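First up is the structure itself, then whatever we jot down about it.
The values are calculated or read from the model by the stated rules, or taken from the named source; none is laboratory data. Every value quoted in this text rests on a predicted model; they were computed, and no experiment measured them. FYI the Cβ positions are ideal-geometry reconstructions off the backbone, even for glycines, and counts take in every protein chain you see. Only protein heavy atoms, including side chains, enter the accessible area calculation; ligands, DNA and RNA are left aside. Shrake-Rupley method; radii C 1.70, N 1.55, O 1.52, S 1.80 Å.
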Amino acid sequence: MRSLLAEAGGFALAEPAPADQAALAAADDGAFDVDPDDRPQPPPLGLARAAVLDAATGQLLGQVSWHQVGYGRTRACAAWNIGIGLLPAARGRRAGSGALRLVARYLFDTTDLDRVEAGTDVDNTAARRALEAAGFRYEGALRGAQVRGGVRRDMAVYGMLRSDE
């Protein structure tokens, strides 16, 4: 039985199950994967993950992740950076916006940080619509932030403040 972190709007966040990573990898269509880079990368500090589930059936829909980022020397300048990956079969069910809204609410409810942010490829219109539907505001573009297909790609950046709710 999974341990639930949060549930709202027909979606749930849960502790990942051992088989989740394999299920996600097997069904991933790679539509917005970045190019491989063989250089060693340190893992993001404090990376956390939760499974995204259909709250009624328990069906695995994808996962969300989050890690802390900083924009200054104090905790008041820290934020959560979140990511989401949905299984292709879960797309078009509002699972993206539901899970993004849920993880932002979970982070505001369980931590003292006042900002949650996310980024996506500028051409990923589905992710951009999901972020906006979840209450995130478009803040601009990070030029050339990702490499895909050997080409530097811009990322659209979105943010939500605790005071936005």
Query raised in the report: segment 21-98: which chymotrypsin sites (Phe, Trp or Tyr not before Pro) are DSSP loop and have at most 11 other beta-carbon atoms within 10 angstrom?
Result: Tyr71
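Got a sec? What order do Thr111, Thr125, Thr120 fall in by accessible area at 1.4 Å, biggest, i.e. largest, first? Please report the intermediate quantities before stating the final value.
Values: Thr111 40, Thr125 80, Thr120 15 Å².
The ordering from most to least exposed comes out as Thr125, Thr111, Thr120.
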Report task. Quick one: which residues, 5+ away or cross-chain, put their amide H under 5 Å from the amide H of Leu5? H built at 1.01 Å from N. Result -> Leu13, Ala14, Glu15
Query raised in the report: the chain: D in µm²/s via Stokes-Einstein (Kirkwood Rh, Cα pairs, 37 °C, 0.692 mPa s)?
Result: 199 µm²/s
Query raised in the report: For Ala78, which sequence-distant residues (separation of 5 or more, or a different chain) have an amide H within less than 5 Å of its own amide H, given hydrogens modelled in the peptide plane?
Result: Tyr71
Query raised in the report: If you place +1 on the Cβ of every Lys and Arg and -1 on the Cβ of every Asp and Glu, how big does the dipole about the Cα centre of segment 83-122 come out, in debye to the nearest 20?
Result: 340 debye
Report summary line: Of every hundred units of 1.4 Å-probe accessible area on the chain, the number belonging to carbon and sulfur atoms, as a percent, is 53 percent
Query - Per residue, in Å², the accessible surface of the chain once ligands and nucleic acids are set aside, probe 1.4 Å - result: 58 Å²
